[in-house]
Amino acid sequence: MILVVKSGGEQALPEWRASFAEVAPDLDVRWWDDATVDPAAVDYALVWDPEPGRLAALPRLRAIFGSGAGVDAILRDQHLPKHLPLVRCVPPEATQRMGEFVCWAVLSLSKDARRMAIAQAKCAWDAFDPPFAAAAKTVGIMGLGAMGQRAVAMLRGLGIPVIGWSRSRKTIEGVECFAGPRGLPAFLARSEVLVCLLPATPETVGLIAAPLLGQLPPGAGLVQVGRGAHQVLPDIVAALDAGQLSGAMLDVFETEPLPSDNPAWTHPRITVTPHAASLPSRHERARYIADCIARFERGEALPNLYLPERGY
């Protein structure tokens, strides 16, 4: 079986090969642009942002694996073979990493880590009192899938009060959960730190914008680890400048890599991270994908399938 890979650049291929060799030694792992590979011999593809039409040019392709939890860049291909299963890469390690990142982001906002980073860059001793104790603020998690629920558990383990919101109602022991459009205003009104973990759907595009931000308590914090399409960055900047937001941790952007002239890079209340919140190691992803391929070969159901009717 041949698996072609387009993730991390060609320089990442040796690591991909070594990782797959440990968990699926019979799998022939080749680079996406390897001219020696017969397109008609390719069984599987592991991709992040394939060029439009390339997947459709693989006549024997049996399944497509995204190299991350989001498959937005794959779905932009208007020629995508929609009859093939498209699997989102969500190994168990990804939920743990997301929980860790969310905790770090919430704690960073509570200590004003951005202010300290700016002071260090200037070699300035800027002594100040942290703006709030993390346990004194209610964190609102938007999106209560596997990653959202792991973040909820880890925040609560730190003694931080948490509420949740999702499109359909969820039940999490010890956590007040809101659901649907009717539940959103009450949820936002109590979210002193808002964490966005929503998938990319038509309903969530442009959601993190002035109308939503205006419903948060004044001085709220924002942790955006969902999808870049969720946010209207000028509205976030305006909310920060007006004091409606006190700080923002932004890990995802509509254009990635984030252009060097984007104002988010230098804003004193924004911490930019490079879409790194939950990305597992290549070894972890290889193990997950190898397991998926083995399941597929046995005729078993695949986990984390992209479902068009659901939008993720």
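Of note:
- Alpha-carbon centroid distance for the pair segment 72-95 / segment 278-305, whole angstrom: 12 Å
- Gain in span if fully extended, Glu100 to Asp26, counting 0.36 nm per residue against the direct Cα distance: 23.2 nm
- Charge-dipole axis of the chain as Lys and Arg at +1 and Asp and Glu at -1 on Cβ define it, positive-most pick from Trp48, Val252, Gln96: Gln96
- Note on the chain: with a GNM built from Cα contacts shorter than 10 Å, the maximum mean-square fluctuation among Asp241, Asp129, Asp112 falls on Asp129.
- Computed packing ranks the peptides 222-235, 183-196, 15-28 as 222-235, 183-196, 15-28, most packed first, by mean other Cβ atoms within 10 Å.
- Between segment 173-240 and segment 122-165, the C-alpha centres lie 15 angstrom from each other.
- Taking every DSSP bridge with both residues inside the chain, close to 5 percent are antiparallel.
- Estimated dipole of segment 1-111 in Debye, rounded to 20 [Cβ of Lys and Arg +1, of Asp and Glu -1, Cα centre]: 400 debye
- Nearest-20 debye value, the chain charge dipole, Cβ charges on Lys, Arg, Asp, Glu: 800 debye
- At full extension, Asp126 and Glu254 could sit 42.7 nm farther apart than now, given 0.36 nm per residue minus the alpha carbon distance.
- At full extension, Arg156 and Arg76 could sit 25.1 nm farther apart than now, given 0.36 nm per residue minus the alpha carbon distance.
- About the Cα centre, charge dipole magnitude for segment 211-312 (Lys/Arg +1, Asp/Glu -1 at Cβ), debye: 300 debye
- With contacts taken as Cα pairs under 8 Å at a separation of at least 6 residues, the chain carries a relative contact order of 17 percent.
- For Glu300 and Glu51, a Förster radius of 35 Å and the Cβ-Cβ distance give a FRET efficiency of 0.65, rounded to the nearest 0.05.
Throughout, read-outs are computed from the coordinates displayed, never taken from laboratory work. No experiment lies behind these values; they were computed from the predicted model shown. Every residue, glycine among them, receives a Cβ derived from its backbone with ideal geometry; neighbour counts consider all protein chains shown.
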